[in-house]
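Bear in mind these aren't lab numbers, they're just calculated from the coordinates by the rules spelled out. For clarity, every value in this text was computed on a predicted model and none was experimentally measured. Note that we place each Cβ from the backbone using ideal geometry, even for glycine, and neighbour counts take in every protein chain shown.
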């Protein structure tokens, strides 16, 4: 399989002259794995580090091994009654068995990888929405988080078939199927059932979006999976790619961009332990392992890059390294430049989302990398920046470098949400997917994201991009992570505040940081009114800063301040809990435990000027 140059937008146009179906070596993941196993049977598909640490002896899993285990897993699942339309939900960490189950479940039926750190009731709602028939988790000796949640789900959904990976079965009841035992004697050389893959049919259900309301499950197709895997792999000019992988496999980045993609191309990945970067020793030993295993590309999300750049690098032999790669959230220009300086290789930023099956735009690996940009579109992906009216209809394309809403379409776009209720606002004019990102396109087709439409801080009608503040703070040597959000204000609606996590061994005063920003900010309205140090920045399971919890905290601080002052004045006892609400979004629940008759009226006077919804109760 030959790679085609994709270093300019003209290269992209040239590639598109060939129908994408003629470029793909396979039209489904099972055929792709068979293709790689036939071409490279003894090549390592996976090196597995049990804990992701330097002391771990790498376990080699060849393409022959991988294909046989996936085949065996698919046959085992079919033997349990999993048909083409049946759903297998996985609550699994970063271990080889997760790959066997991902691709085996997609071969037998439909896979639904789920974040094992979600609250049990949320996992229950996902399983019910997906129509889960089989759920799989691992023994606590492999990872402590999934199994307690599996047990909770079993109680709420009778009739589920439950599989446990690892363990002897001594500490589970008789209804639990042990993965290793279930695989004994199952055919591994071929499928024991007929499977007619539909490129447009559902291959996987990926949970995306918030944690309230009806779960939003994106339908991945074999077509989108294969095209993304071909596209991003083709963009990387390495025939012998070997990359570390610490991204969770419930996320499109770990499962597709850095799972299906390297397997389609016959590349090699190193799994960094069941906990990935949640184990601090993985970061500690990262560059020692890079030197030992001779990785030639390092792909991690921005927050992990910030973490890794705190480690000693120069003492290790990284002569095999050719590229760094990043995606998943906005990358600070300062972090990108620091990584390039310290590693001596380009850090190539790309962009995509669950709804695009992974990367749909990227800077070129051998062309001009424009730091701060996500590059240009990958082949067969149409991306526009548009103006919209109040009803959500596209009015037209933005001018060069004019900021607007980023929309996309093409064969790599997902098949819609499982519940059509989520599709209504997701598509503009019926065919363009609303990414929710704001951005601009320059004269050469490079795309520059400027924020999220819902992340904007709106101060008196002035739209403030949080990155305007965050990028400045990332230039300060004391800052490892920064996240700007809006806090309620009676006069102007919102004021910008910033939560910061200091780099190891560093600190700074709030006045120092405010002064640092004020000297460099180009938008006066964007000057933060408060900079709040926190011990640990909240991150999602894939290492992105989780801003919803910071927005909640910002509102909580304002309500605590105002209600606290009122309670002291009245001699009242009043409690406030700010939380996410299914109907109102952010809601402040105010409970009056004791106080004079006018307490409720005074509360309304005190907080009624904020845009945040609130409710008052007695307790």
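Computed as a quarter of the hull surface, the mean projected area of the alpha carbon convex hull for segment 274-412 stands at 10.5 nm².
For the chain, the longest principal axis of the alpha carbon atoms and the long axis of helix 222-235 meet at an angle near 90°.
Just round it to a whole percent: the fraction of Cα-Cα distances in segment 137-253 exceeding 19 Å.
When all Cα pairs of segment 137-253 are counted, 69 percent exceed 19 Å.
Principal-axis analysis of the Cα atoms of the chain puts helix 547-570 at an angle of about 30° to the longest axis.
Divided by 2.2 N^0.38 Å, where N counts the residues, the Cα radius of gyration of segment 1-103 comes to 1.37.
Listed values [x] 112, 60, 54; [y] 87, 64, 56; [z] 77, 59, 53 include one computed from this model; for Cα extents along the principal axes in Å that value carries the label [z]. Calculated from DSSP H runs of 4 or more alone, at -39500 (n - 2.57) each and per residue, what is the 222 nm mean residue ellipticity of the chain, nearest 500? So the helix-based figure for the chain works out to -8500 deg cm²/dmol. Here the gap between residue 192 and residue 401, fully extended at 0.36 nm per residue and compared with their Cα-Cα distance, gives a gain of 69.7 nm.
Projected onto its three principal axes, the C-alpha set of segment 457-545 covers 38, 32, 19 Å, listed from the longest axis down.
With neighbour counts taken as other beta-carbon atoms within 10 Å, the residues 455, 444, 196 rank, fewest first, as 196, 444, 455. Between the Cα long axis of helix 146-156 and the first principal axis of the chain there is an angle of about 80°, rounded to the nearest 10.
Only bridges whose two residues both fall in the chain count here: according to DSSP, what percent of them are antiparallel, nearest 5?
Expressed as a percentage, antiparallel bridges in the chain total about 60.
Residues 599, 522, 8, arranged from fewest to most other Cβ atoms within 10 angstrom of their Cβ, appear as 522, 8, 599. Diffusion coefficient of segment 549-618 by Stokes-Einstein, Kirkwood radius over Cα pairs, 4 °C, 1.567 mPa s: 107 µm²/s. Remark: 220, 316 ranked as 316, 220, counting other beta-carbon atoms within 10 Å and listing the fewest first. Entry note: segment 371-447 has Rg to Rh equal to 0.98, where both radii use alpha-carbon atoms and Rh is the Kirkwood radius.
What is the diffusion coefficient of segment 206-360 in µm²/s, taking the Kirkwood radius over Cα pairs and the Stokes-Einstein relation at 20 °C with a viscosity of 1.002 mPa s? Mind dumping the intermediate values first?
Numbers: Rh = 16.1 Å.
Roughly 133 µm²/s, to the nearest whole number.
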